Amino acid sequence: MRYRSRRLDALLGVPLASSTFADWAALENNPAAAEAEDLDYKIKYEADKATGDSAADSIAIDVATFANHIGGVIVVGMAEVDLVPSKALRVDLSEKTLRIYTDAVAAKVSPLPLFDVVPLEDPDTPGTGLILIAVPPSPRAPHAVIINANSGVTKWPRRVGARKVWLSESEVYVAYQRRFTGLANRAARLTQVEADVVRRLVLKRSGLSLPQPVLIVSMVPDLPGDMTINNAALANFRSDLADDRLLPGALSPMLTNQTVGPRRLIGYEPHRDGVAWAEFHADGSASIAIPIAKLSGSNTYQVHDAEIILWMIGTLRLMARHATEKTATTGTATLSARLLADVLTYDTDDAELGQMISGRLRHQEWGGPAGIQVVTWPATHGAALRSIGNGDASNNAYAESSAILEDLAADGRPLTAAAAELASALFQNFGAAEALQIWPDGTVNPTTWGSYWETAQRWVEESNIPCSVQPPTVAFAGE
């Protein structure tokens, strides 16, 4: 379930995502559970003779209403009296019934918002129970609804208290402005959290060392979360990182040093020739820098694509868990990956950071920006590593994508598919069309990892991810 609500968790006494029929039935006649901005009850959906709206119209309107506001949950099968839940009446939970809800929203709401249709079976009457329609607040708002298809009327609903209102023309205009402003703000925020990590690495970089390739993966939730940075949060952070194996399939944790910064938690660790550095912000944003092993080369260094893939999966997973579990955000996030020949090859519009980089470059024995090539396991056993794509070199490769936070937070095919999209976009900087280790359908190619397969195999087996040597014919559509 992609919608999170601390209020509803407290009301139910359990996390919303794990709530049961009994948890909701226990709210009967409880005034604290009355309909509100984030909660609505429906006995069932049917055509409205007064307005001419079909059942599908009503479903679509209600989902858009929550998506255009702060999100919420519609409980289908619950009667109410004066807005207070009065009785769990039980509705059919067949696949056919559930499909009615998803089809109605897909056909009538534009753009399509995120939502989940969750059946809660009554164990005493199998096949019946309650249906939760959980709708996160949407960064793509406003969502329009095509009402009464024959007339083609389009409206924009929004929740106000326990009722629905229709946005006026001026309110729709403001909502669209907010959407596009939000896109610009997220892009700026992504640049900021990445630059903060680069700044730390530049400060820690020894003055005369050779170039050290580094991978930086960053994330900004489309809807900001919030957490309090205090001693308790730092203690929990230390406990979490003590158990977390950042590299998928690794046998020990990383980021074993922890501290705090301005509205952020920081984990770091000396790693090979450089420093692994991670910053997790109170709004759910995060950025993690990992030094990448140099295989060979003089002015142009070679790095292994399989190592980049593993670190990308691990960093995405850890950042998504921070966003969803610690800052209570949900929905989609904007992701970026940057592969640098060295932190001093970072290109920035930040004047202070640019001066820091220029000052360090003047004192380098290696004389300035180097390049990197990404190499992969050879097709013929025993042959030398070969460059991906056409062998292009870069000293500052960059890629962006987006994904659903809940898909990234758990090991499995959705995480693998999201990492494949971001990695492929990064490797296109080097003339390669896609990653060779993980496919867009979330499966893993076991033949392309080289010496990294032993580590990757542990993660694949632990996560129950299927393997395939053939690329998929269609992209992954979820589980």
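A few comments on the model shown:
- Here ASN445 fulfils each of the conditions (1) open to solvent by less than 20 Å² (accessible area, probe 1.4 Å); (2) over 20 Å from VAL374 (Cβ atoms) apart from (2).
- LYS44 meets all of the listed conditions (1) at pLDDT 90 or above; (2) of a type in the set (D, E, K, R); (3) surrounded by 15 or more Cβ atoms within 10 Å (Cβ to Cβ) but one, namely (3).
- Checking each residue in the stretch 117-139 for being part of a loop (DSSP other than H, G, I, E, B) and either open to solvent by less than 40 Å² (accessible area, probe 1.4 Å) or over 27 Å from ALA34 (Cβ atoms) (or both) picks out ASP122, PRO126, GLY127, PRO136, PRO137, SER138, PRO139.
- Within the stretch 380-438, the set of residues being under 21 Å from TYR301 (Cα atoms), assigned to a helix (DSSP H, G or I) and in contact (Cβ under 8 Å) with a residue 60 or more places away in the chain comprises ALA423, ALA425, LEU426, PHE427, ASN429.
- Among the residues of the stretch 319-339, the ones that are open to solvent by 20 Å² or more (accessible area, probe 1.4 Å) and more than 10 Å from PRO221 (Cβ to Cβ) come to 5 in all.
- Pairs where the first residue, in the stretch 1-13, is of a type in the set (S, T, N, Q) and the second is crowded, with 17+ Cβ neighbours inside 10 Å and in a helix (DSSP H, G or I), C-beta under 8 Å, 6+ apart: SER5/LEU16
- Listed by position, the strands (runs of 3 or more DSSP E) inside the stretch 142-246 whose residues that are among the small types (Gly, Ala, Ser) and over 30 Å from VAL63 (Cβ atoms) number at least 1 are 214-221.
- Sole residue being more than 25 Å from the chain's Cα centre (by Cα), open to solvent by less than 70 Å² (accessible area, probe 1.4 Å) and at pLDDT 90 or above, chosen from PRO142, PRO157: PRO157
- Taking each residue of the stretch 178-202 that is within 14 Å of ARG338 (Cα to Cα) and looking for partners that are surrounded by fewer than 19 Cβ atoms within 10 Å (Cβ to Cβ) and of a type in the set (Ser, Thr, Tyr) with beta-carbon atoms closer than 7 Å, six or more apart or interchain, yields ALA195/THR348.
- Residue match in the stretch 279-292 (condition: of a type in the set (Asp, Glu), in contact (Cβ under 8 Å) with a residue 24 or more places away in the chain and more than 30 Å from TYR3 (Cα to Cα)): no
- Qualifying residue in the stretch 291-305 (condition: under 26 Å from ARG458 (Cα atoms), open to solvent by less than 10 Å² (accessible area, probe 1.4 Å) and part of a helix (DSSP H, G or I)): yes
Every residue, every condition in (1) closer than 23 Å to PRO291 by Cβ; (2) open to solvent by less than 40 Å² (accessible area, probe 1.4 Å); (3) at pLDDT 85 or above; (4) touching a Cys at 6+ places or on another chain (Cβ under 7 Å), yes or no:
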| residue | (1), (2), (3), (4) |
| --- | --- |
| LEU353 | yes, yes, yes, no |
| ILE357 | yes, yes, yes, no |
| GLN364 | yes, yes, no, no |
| PRO369 | yes, no, no, no |
| VAL374 | yes, yes, yes, no |
| TRP377 | yes, no, no, no |
| SER387 | yes, yes, yes, no |
| SER394 | yes, yes, yes, no |
| ALA397 | yes, yes, yes, no |
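- Some residue of the stretch 463-478 being assigned to a loop (DSSP other than H, G, I, E, B), closer than 22 Å to ARG321 by Cβ and of a type in the set (Phe, Trp, Tyr): yes
Residues checked against (1) farther than 30 Å from ARG321 by Cβ; (2) surrounded by fewer than 16 Cβ atoms within 10 Å (Cβ to Cβ); (3) touching a helix residue (DSSP H, G or I) at 6+ places or on another chain (Cβ under 8 Å); (4) of a type in the set (Ser, Thr, Tyr):
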site	(1), (2), (3), (4)
LEU16	no, no, yes, no
THR20	no, no, no, yes
GLU35	yes, no, no, no
LYS49	yes, yes, no, no
PRO85	yes, no, yes, no
PRO113	no, no, yes, no
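- Of all residues assigned to the stretch 88-104, at least one qualifies as being open to solvent by 50 Å² or more (accessible area, probe 1.4 Å), touching a residue at least 12 places away in the same chain (Cβ under 8 Å) and touching an Asp or Glu at 6+ places or on another chain (Cβ under 9 Å).
The values are calculated or read from the model by the stated rules, or taken from the named source; none is laboratory data. Everything numeric in this text was worked out from a predicted model, so none of it was measured. Here the Cβ is made from the backbone with ideal geometry for all residues, glycine too, and neighbour counts use every protein chain on show. Ligands, DNA and RNA are excluded from the accessible area calculation, which covers all protein heavy atoms including side chains. Shrake-Rupley method; radii C 1.70, N 1.55, O 1.52, S 1.80 Å.
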